[in-house]
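Some notes on the structure that comes next.
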Amino acid sequence: MSITVNGLDELKKLAGSDLGTSEWIEITQERINTFADATGDHQWIHVDPAKAAEGPFGAPIAHGYLTLSLFIPLFTELLDVQGVTTKVNYGLNKVRFPSPVKVGSRIRLVGKLAEVEEVPGGVQITVDGTIEIEGGTKPAAVLQSLSRFYA
């Protein structure tokens, strides 16, 4: 369930808040192949199911950057900021991929609004995110994302 705020003042009041957990999404071979086509990264560990089955993970795995790219659609399930003119992905402070995401796995995001700070014309938020793998002992990704919202 999404938290909705209207404007920068309401967003500032959420600093330090847990944002909750997104829905699960499945990582299909089709999604992995589409990402490989978009990025030109066709390494066999991602796109060759037969060879990957014999590899170190026993199945094809998602690209780490595919997992990372899903942060934004998962994050939009957690926080909806209304009453602003522009929303900008400003970057990352850090990111790690502790565990591979095998094809057929489901992932979700757990988020915390770690910080809200003023920038000229708006605010910058820092979100601590953990992308979990259903049934996994380690997360797929741990990251700190920066976004800016302008009035």
Worksheet entry | Dipole magnitude (debye, nearest 20) for the stretch 31-151, charges at Cβ of Lys, Arg, Asp, Glu | 180 debye
Item to complete: Return the sequence-ordered ³J(HN,Hα) values of the stretch 6-17 in whole Hz as given by the Karplus equation 6.51 cos²θ - 1.76 cosθ + 1.60 applied to θ = phi - 60°, using x for Gly and Pro.
Response: 10, x, 5, 5, 5, 4, 4, 5, 8, 3, x, 8
Practice prompt. Using the Karplus curve 6.51 cos²θ - 1.76 cosθ + 1.60 with θ = phi - 60°, work out ³J(HN,Hα) for each residue of the stretch 134-151 in order, rounded to whole Hz, and write x for Gly and Pro.
Written response: 4, x, x, 8, 10, x, 6, 8, 10, 8, 10, 9, 10, 9, 10, 10, 10, 6
Item to complete: Would you calculate, for the chain, the mean residue ellipticity at 222 nm contributed by helices, counting each DSSP H stretch of 4 or more residues as -39,500 (n - 2.57) and dividing by all residues, to the nearest 500?
Response: -5500 deg cm²/dmol
Worksheet item: Once the mean 1/r over all distinct Cα pairs of the chain is inverted, what Kirkwood radius in angstroms do you read off?
Response: 16.3 Å
Discussion item. For Ala114, what residues show an amide H to amide H distance below 5 Å, using hydrogens built from the backbone and excluding near sequence neighbours?
Written reply: Gly16, Thr126, Val127, Asp128
Worksheet item: Could you list, bin by bin from short to long, the percent of Cα-Cα pairs of the stretch 74-119 in 5 Å steps?
Response: 4, 10, 20, 27, 18, 11, 6, 4, 0
Worksheet item: Which ³J(HN,Hα) values in Hz, rounded to whole numbers, follow from the phi angles of the stretch 62-69 under the Karplus curve 6.51 cos²θ - 1.76 cosθ + 1.60, where θ = phi - 60° and Gly and Pro get x?
Response: 6, 4, x, 6, 5, 4, 4, 5
Practice prompt. Could you name the lysines whose alpha carbon sits less than 21 Å from that of Lys51, not counting residues in the same chain fewer than 8 places away?
Written response: Lys102
Discussion item. Just to confirm the number: angle between the C-alpha axis of helix 29-39 and the first principal axis of the chain, 0 to 90 degrees, nearest 10?
Written reply: 70 degrees
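Each reported figure results from applying straightforward, stated rules to the coordinates on display, with no laboratory input. Owing to the predicted nature of the structure, the values given are computational and were not obtained by experimental measurement. When we count neighbours, we look across all protein chains shown, and the Cβ atoms used for this are built from the backbone with ideal geometry, even at glycine.
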